[in-house]
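Novice: Could you have a look at this structure, given as structure tokens, before my questions?
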Amino acid sequence: DVAETQEHYKSRWRSIWIMYLTMFLSSVGFSIVIMSVWPYLQKIDLTADASFLGWIIASYSIGQMVASPLFGLWSNYRPRREPLVVSTAISVAANCLYAYVHVPHSHNKYYMLTARALVGFGAGNVAVVRSYIAGATSLTERTSAMANTSACQAVGFILGPVFQTCFTLIGEEGVTWKLLCLQLNMYTAPVLFGALLGVINIILIFAVFREHRVDDMGRQCKSINSDEEESDVLDQNAEGNIDHVAVVALNILFFVILFVFAVFETIATPLTMDMYSWTRKEAVFYNGIILSVIGIESVVVFMVVKILSKKTGERALLHGGLLVVLVGFFILLPWGKKLPNIQWQEIKNNSIPRTVPIEMLTPFWSLQEMQLQSNHTAEPVGCPVTQSWCLDTPMIYLAQYISSDALIGLGYPVCNVMSYTLYSKVLGPKPQGVYMGWLTASGSGARILGPVFVSQIYTHLGPRWAFSLICGVVVVSLLLLEIVYKRLIAFSIRYGRMQE
């Protein structure tokens with residue numbers, strides 16, 4: 001090992017900043033069309049229904065789950081520029097395909113499904129990004145770099161819908177270029193913009209990105225998959241076995257963290273519509289504001305944990321983050337006595353009121369009285385009577401919901417950064433591509449299973465069961481963390497090469 005030169009340091013951090021950009025563009029690729037998928041799908045294919053929309057949304061995570069270990073394995077043995085360029089090129093091509101899904105005369109929804117799956121497949125480069133950052137930073141730099149990576153990802157998720165909103169000014173018709181068979185409108189412009197950003201990213205990878213590697217103490221060493229002959233010497237600190245118990249435990253913890261956040265995102269709209277009698281438009285608008293605020297809160301937390309981790313350590317912060325998430329979901333449990341307004345629809349082919357306070361549902365509240373309260377033009381709102389739990393489950397007050405949002409928005413980013421940081425430190429100086437691929441895949445699997453789980457439990461059993469089970473899952477993860485707590489230490493510390 002040799003001391004790092006100033007030139008090497010600057011080049012190393014330029015390459016890390018390119019990885020930040022890649023992470024940002026990966027999350028933008030997911031979120032930039034998320035609000036317009038459903039209306040675009042209805043426009044291009046009248047046979048598509050809401051259940052197919054679910055498959056289209058899930059296809060991104062499925063593609064990423066499949067691709068992450070593959071790109072990670074590739075990056076272990078070849079220059080990382082290769083999987084980075086190929087994955088980004090796949091995303092660019094997939095975005096172009098999405099812009100043309102209106103052209104075929106049939107099966108348009110399947111072309112859209114394929115396009116979103118390929119965008120997710122391209123986003124499998126997240127494993128390459130994180131494995132590179134893990135190998136190109138010392139232990140003292142690692143937490144800060146991982147926090148910056150997660151912050152770039154969060155900013156991408158926030159700005160994606162903002163870009164989409166800006167492109168709505170083009171309108172549904174937009175401009176048609178017959179020569180290219182291209183319709184440039186509010187649905188296709190965002191993905192073409194995403195494709196342009198991808199091309200810029202590829203150019204920067206070729207022009208700026210270089211393979212660099214340092215050991216846990218920050219001394220430069222030869223990168224195993226470097227494509228250049230450098231004056232670095234081979235790292236001798238890779239000897240020793242990885243603690244696979246700690247690796248598996250962190251994969252499970254990361255799955256739980258992504259799972260509960262996916263549940264939180266999925267349940268927001270139906271929960272607020274049921275509890276507060278919000279219309280679809282109100283629920284999307286208000287929850288959009290809330291999620292944007294949470295996104296900003298997360299970015300702030302990412303910055304703060306870089307400082308806190310130096311005082312408390314990553315394990316303590318992960319433990320604290322999980323506790324905050326637990327309290328957030330515990331607060332969501334129905335505690336009061338007031339029941340939600342009930343939505344009655346089509347009894348004996350008559351229009352029934354938009355909402356009926358549950359306390360008024362007495363034997364004296366006749367069908368005729370209901371009809372007098374009816375509103376033929378308004379969208380039915382309230383807790384649907386088809387969900388039997390609406391009749392006996394207390395409502396969740398708005399103050400509970402807002403408090404829960406704030407706590408989950410605080411705990412989730414802490415858990416996200418600390419799990420990635422601990423994982424990279426446990427793996428040590430050995431190539432981390434495949435391991436990071438499995439971690440990314442576990443997160444993608446959580447984003448697939450979370451919405452399915454909560455939609456079934458919430459619809460059939462209600463919020464009390466749904467949030468109680470989530471609390472139970474978080475408690476089990478806290479117990480797992482306690483069991484493996486002492487094993488979650490850096491590779492170099494485990495083998496006595498560094499002091500904790």
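Novice: Are there helices (runs of 4 or more DSSP H) fully within segment 424-500 with at least 2 residues that are farther than 20 Å from GLY411 by Cβ and at pLDDT below 80? List them.
Specialist: Here the list reads 433-461, 491-494.
Novice: Considering VAL247, VAL260, which residue is farther than 30 Å from SER492 by Cβ, surrounded by 15 or more Cβ atoms within 10 Å (Cβ to Cβ) and either in the same structural domain as LEU333 (by the TED database) or modelled with pLDDT under 90 (or both)?
Specialist: VAL260
Novice: Within segment 1-45, can you find the residues that are under 24 Å from ASN148 (Cβ atoms) and touching a strand residue (DSSP E or B) at 6+ places or on another chain (Cβ under 9 Å)?
Specialist: Across segment 1-45, the qualifying residues are GLU4, THR5, HIS8, TYR9, ARG12.
Novice: Does VAL101 satisfy the condition of being in contact with a Ser or Thr (Cβ under 9 Å, 6 or more places away or on another chain) and part of a loop (DSSP other than H, G, I, E, B)?
Specialist: Yes; evaluated as a whole, the condition is true for this residue.
For (1) open to solvent by less than 10 Å² (accessible area, probe 1.4 Å); (2) within 24 Å of LYS306 (Cβ to Cβ); (3) touching a Lys or Arg at 6+ places or on another chain (Cβ under 7 Å); (4) outside the structural domain of LEU258 (by the TED database), each residue gets a yes or a no:
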residue	(1), (2), (3), (4)
GLY156	yes, yes, no, yes
GLY160	yes, no, no, yes
THR176	no, no, no, yes
TYR187	yes, no, no, yes
LEU197	no, no, no, yes
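Novice: Kindly indicate whether ILE408 is open to solvent by 10 Å² or more (accessible area, probe 1.4 Å), hydrophobic (A, V, I, L, M, F, W, C), within 21 Å of the chain's Cα centre (by Cα) and more than 30 Å from PRO79 (Cα to Cα).
Specialist: Considered against the rule, which asks whether it is open to solvent by 10 Å² or more (accessible area, probe 1.4 Å), hydrophobic (A, V, I, L, M, F, W, C), within 21 Å of the chain's Cα centre (by Cα) and more than 30 Å from PRO79 (Cα to Cα), ILE408 comes out as no.
Novice: Still on this structure: For segment 310-332, give me the residue count where each residue is touching a Cys at 6+ places or on another chain (Cβ under 8 Å), of a type outside the set (Val, Ile, Thr) and open to solvent by less than 20 Å² (accessible area, probe 1.4 Å).
Specialist: Total meeting the criteria: 4.
Novice: Also, I was wondering about something else. Does segment 5-20 hold any residues that are more than 31 Å from the chain's Cα centre (by Cα), surrounded by fewer than 18 Cβ atoms within 10 Å (Cβ to Cβ) and in contact (Cβ under 8 Å) with a residue 12 or more places away in the chain, and which are they?
Specialist: THR5
Novice: Restricting to segment 273-289, and then to whatever is in a helix (DSSP H, G or I) and aromatic (Phe, Trp, Tyr), can you tell me which residue is surrounded by the fewest Cβ atoms within 10 Å (Cβ to Cβ)?
Specialist: PHE285
Novice: Would you be able to say whether some residue in segment 5-19 is within 24 Å of ILE202 (Cα to Cα), of a type in the set (Val, Ile, Thr) and assigned by the TED database to the domain that holds ALA151?
Specialist: yes
Novice: Next question. I need the full set of residues from segment 381-409 which are part of a loop (DSSP other than H, G, I, E, B), touching a helix residue (DSSP H, G or I) at 6+ places or on another chain (Cβ under 8 Å) and of a type in the set (S, T, N, Q), in order please.
Specialist: Within segment 381-409, GLN387, THR393 meet the criteria.
Novice: I would also like to ask the following. Using beta carbons and a limit of 7 Å, which pairs, at least six apart or on different chains, have the first residue in segment 45-61 and in the same structural domain as HIS102 (by the TED database) and the second one modelled with pLDDT under 80 and buried (at least 21 other Cβ atoms within 10 Å of the Cβ)?
Specialist: So the pair list comes out as TYR60/PHE30.
The values are calculated or read from the model by the stated rules, or taken from the named source; none is laboratory data. Given the structure is predicted, the values throughout are model-derived calculations rather than measurements. When we count neighbours, we look across all protein chains shown, and the Cβ atoms used for this are built from the backbone with ideal geometry, even at glycine. When the accessible area is computed, the model is the full protein with side chains, heavy atoms only, and any ligands, DNA or RNA have been set aside. Shrake-Rupley method; radii C 1.70, N 1.55, O 1.52, S 1.80 Å.
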